[in-house]
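One structure below.
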Amino acid sequence: MYSKRFAKETFKETVKDNVKTLYRKKIEEATPQQIFQAVSYAVKDIIIDDWLATQAEYRKQDAKTVYYMSMEFLMGRALGNNLINMTAYKEVKEALEEMNIDLNAIEDQEPDAALGNGGLGRLAACFLDSLATLNYPAYGCGIRYRYGMFKQKIENGYQVETPDDWLMEGNPFELRREEYAKEIRFGGTIRFEKDPVTGKDKFIQENYESVMAIPYDMPIVGYGNHVVNTLRIWDAQAITNFSLESFDRGDYHKAVEQENLAKMIVDVLYPNDNHYAGKELRLKQQYFFISASLQAMIEKYKKDHDDIKKLYEKVKIQMNDTHPTVAVPELMRLLIDVEGLDWEEAWDVTTKTCAYTNHTIMSEALEKWPIDLFSKLLPRIYQIVQEIDRRFIEQVRRQYPGNEEKVRKMAILRDNQVRMAHMAIIAGFSVNGVAQLHTEILKHQELKDFYEMMPEKFNNKTNGITQRRFLLHGNPLLADWITGLIGDGWITDLSKISNLKPYVNDERFRKEFMQIKYKNKERLAKYIKEHNGIDVDPRSIFDVQVKRLHEYKRQLLNILHIMYLYNQIKEHPEMSFYPRTFIFGAKAAAGYLRAKETIKLINSVADVVNNDRSINGKIKVVFIEDYRVSNAELLFAAADVSEQISTASKEASGTGNMKFMLNGAPTLGTMDGANVEIVEEVGEENAFIFGLSSEEVINYENNGGYNPIDIYFNDWELKRVVDQLMDGTYANGNHEMYKNLYNALLNTQSTNKADMYFILKDFRSYAEAQKRVEAAYRDEQRWSRMAMLNTACSGKFTSDRTIEEYVQDIWKLEKVYVPSGQPE
Ligand SMILES: *Cc1c(COP(=O)(O)O)cnc(C)c1O
């Protein structure tokens, strides 16, 4: 499709020219980083033509656009993915080979764009890929953090965080768009005035601080369709002329303050996953990128339309969790104070424009801003929130006369807090959960009152992942093999991957499938040797748990089970045991003590077990440093077992589970999140399910928890493992090192808070499921069938399917076909 411009010789010349003009060097003298830059600029050159053509076509067709608002976009690397989607990966690989350059090594020069924590941010990135591939007009709107997710170093077994200076060498794919800069105002006071002409109230913000928001645009290339959408991320800059003015007035401090505010605001991504921190700077970040994005959105709309009351016909705003919910009052403000609509008109537009995605039911993750903080930082926005709340409460009282309990539970403003989820639900025309089970829990537990009052808003959109990155790019051997068997339709229509099913019955194909898995395990073993210095045997079972470190995800259950196995092997060396490599990868939020202790425990167990020659290498434990999108691609491709062991009801969906499945790794998991739907697709006999159900967990929780003490005293093997947290076995004799973990499990001061994540409760069930894994793996015929069936049944879990559902049920977009932007 792009073969014309990828005429090898032209491309090679462009790369050489770029090295010359950028670095005054010959290609042979250039460093790998310089070659990465030169190649990326050559690729961007080609993308630009389609980018222009796409935006022109959208305007010509006056196409409705979705604005996907997200504090996080976990993009990973761009070069390889862009080449894949331009269907030029192999041509470029060849062209570079002819210049003695290895494309893989060049790709490794690119830092991950880690502008996100985990699943929520990666979902946003997968959605952008699917929107472009499916020909839908879309913007991603977010923040250009100066430092993304911290880099994780493991020192002496402990996590050490270092800054992620991802822009150090420059980002070749971004475009700075100074001309679209917007002013953002914080704080100050609001003065009323009656407009002498219209008689309307005017609201004037005074004594505020302000910064300029400068957009940087990144191209989002659709697969083989010439569509290039835009990820627009905002940088902050002090307002220079204001600063000079202040300086002239001698107000030097004011000028410096504005400079500092600008620097601070986009400085760093908050490294919390599924956790609310309530920091003022975080609210500043939220309002900053939302106000800028909405101002730009309205400005763009008004270029071609003069009736602002019909804005909703041309744009939809999807709020990725409550983080962007300030979009509701900010859109109201822009429509009322700037565009001159009255309240009812503005409310009509806002509630037909905004939709909300809920990502969690865990109370510690719910955003609740203290009113004094919120009202000081955003005084005009707060007035609008008060009015939204006042009118909503009126409605509740009309519908439930005399029921003040309802008002208390549902109001936006209560107990000196602004409850962002309530605002999102009240103003959004759609409220969706991210997996069937999660949406049911929302409807019947957490958001029951809202569901009863407005059932029509609630819907489910089970998450998905893009097969372009997590199979086509991440697992080229398997991708080519699949295409050889069933054609390449699966790349843009993953339901076609079910055409692999007939081949599952043929031993020859199962063997080939497992040979590819073996090669991917060798690739990962090499990575582990290079990064960890540990020898792992690719013939052992690769049992992988990679995801953010969180108590509810229960890495502790996994490592306690490894300690238990190690005890068993030591005690019964004669016991038959299939060699296992346990692989972990996880970042812990910097202030999350128990999470960090868990990382230390994993590394300490690894030290002991890996160096115990008496167990003949039956168990290896590996902690992959700095888990991120780029090394994730290697891990999914090489995994035999997918550990998805969250406490049932806690993992809203999970998407890692889907990436493993796509790459042929059966799930060892609880009936939680999208695991339920994975089992539905692949069959229970092709997964290893264990543990309490979500109903059972919720039941215990509603009745004050459970008491782990009985389990502890009645299971001596488990007791021994728990005691080993305190006896120094994995701490060089230190008895304090894991006391937080020990207390989390057994805290006898308040039994209702003991083992809140049901680790001891689920332990035996987990150990038994692990036994089933081993038995299944020993049976090569059976295992290869299970593994291959997982790939063949993964069709539902593409983000393409998810996006088509959002389009059908929520956004109602039309596909736009774009002619090639390549000059003849
Ligand atoms: C997919 C992904 C996640 C989410 O994993 P879960 O297991 O769903 O929590 C987190 N981080 C990275 C780098 C990912 O690719």
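The values are calculated or read from the model by the stated rules, or taken from the named source; none is laboratory data. Because the structure is predicted, anything quoted here is derived from the model rather than measured. Backbone-built Cβ (ideal geometry, glycine too); neighbour counts: all protein chains shown.
Just a few scattered comments:
For (1) surrounded by fewer than 18 Cβ atoms within 10 Å (Cβ to Cβ); (2) in contact with a Cys (Cβ under 9 Å, 6 or more places away or on another chain); (3) touching a residue at least 24 places away in the same chain (Cβ under 8 Å), each residue gets a yes or a no:
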position	(1), (2), (3)
LYS376	yes, no, yes
GLU405	yes, no, no
ASP415	yes, no, no
ARG419	no, no, yes
ALA435	no, no, yes
THR439	no, no, no
ASN463	no, yes, yes
ALA479	no, no, no
LEU485	yes, no, yes
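- Taking (1) surrounded by fewer than 24 Cβ atoms within 10 Å (Cβ to Cβ); (2) part of a loop (DSSP other than H, G, I, E, B) in turn, ASP672 satisfies each apart from (1).
- The range 144-163: number of residues that are within 27 Å of ILE47 (Cα to Cα) and surrounded by 24 or more Cβ atoms within 10 Å (Cβ to Cβ): 3
- For the range 685-697, a tally of residues being in contact with a helix residue (DSSP H, G or I) (Cβ under 7 Å, 6 or more places away or on another chain) and over 25 Å from LEU789 (Cβ atoms) returns 2.
- Once the range 47-80 is narrowed to residues that are hydroxyl-bearing (Ser, Thr, Tyr) and over 19 Å from GLY148 (Cα atoms), the residue that is farthest from the ligand (Cβ to nearest atom) is TYR58.
- Strands (runs of 3 or more DSSP E) completely within the range 615-669 that count 1 or more residues being within 12 Å of the ligand (Cβ to nearest atom) and under 22 Å from MET786 (Cβ atoms): 641-644, 667-669
- Residue satisfying condition, being in contact (Cβ under 8 Å) with a residue 40 or more places away in the chain, of a type in the set (A, V, I, L, M), on the phi < 0 side of the Ramachandran plot and surrounded by fewer than 24 Cβ atoms within 10 Å (Cβ to Cβ), within set ALA327, ALA296, ALA292: ALA296
- Every residue from the range 85-114 that is in contact with a helix residue (DSSP H, G or I) (Cβ under 7 Å, 6 or more places away or on another chain) and within 16 Å of the ligand (Cβ to nearest atom): GLU110, ASP112
- Residues of the range 253-280 satisfying the condition of being assigned to a helix (DSSP H, G or I), surrounded by 15 or more Cβ atoms within 10 Å (Cβ to Cβ) and at pLDDT below 95: LYS254, ALA255, GLU257, GLN258, GLU259, LEU261, ALA262
- Filtering TYR518, TYR503, TYR552 for residues that are within 16 Å of the ligand (Cβ to nearest atom), out of contact with any Cys (no Cβ under 6 Å at 6 or more places or on another chain) and aromatic (Phe, Trp, Tyr) leaves a single hit, TYR552.
- Extreme residue, modelled with the highest pLDDT, among residues of the range 176-215 that are among the aromatic types (Phe, Trp, Tyr) and either at positive phi or surrounded by fewer than 18 Cβ atoms within 10 Å (Cβ to Cβ) (or both): TYR180
Residue-by-condition table, conditions (1) touching a helix residue (DSSP H, G or I) at 6+ places or on another chain (Cβ under 8 Å); (2) assigned by TED's automatic domain parsing to the domain that holds ASN156; (3) of a type in the set (A, V, I, L, M, F, W, C); (4) exposed (fewer than 14 other Cβ atoms within 10 Å of the Cβ):
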position: GLY704; (1), (2), (3), (4): yes, no, no, yes
position: ASP715; (1), (2), (3), (4): yes, no, no, no
position: LYS719; (1), (2), (3), (4): yes, no, no, no
position: VAL722; (1), (2), (3), (4): yes, no, yes, no
position: MET726; (1), (2), (3), (4): yes, no, yes, no
position: ASN734; (1), (2), (3), (4): no, no, no, yes
position: TYR742; (1), (2), (3), (4): yes, no, no, no
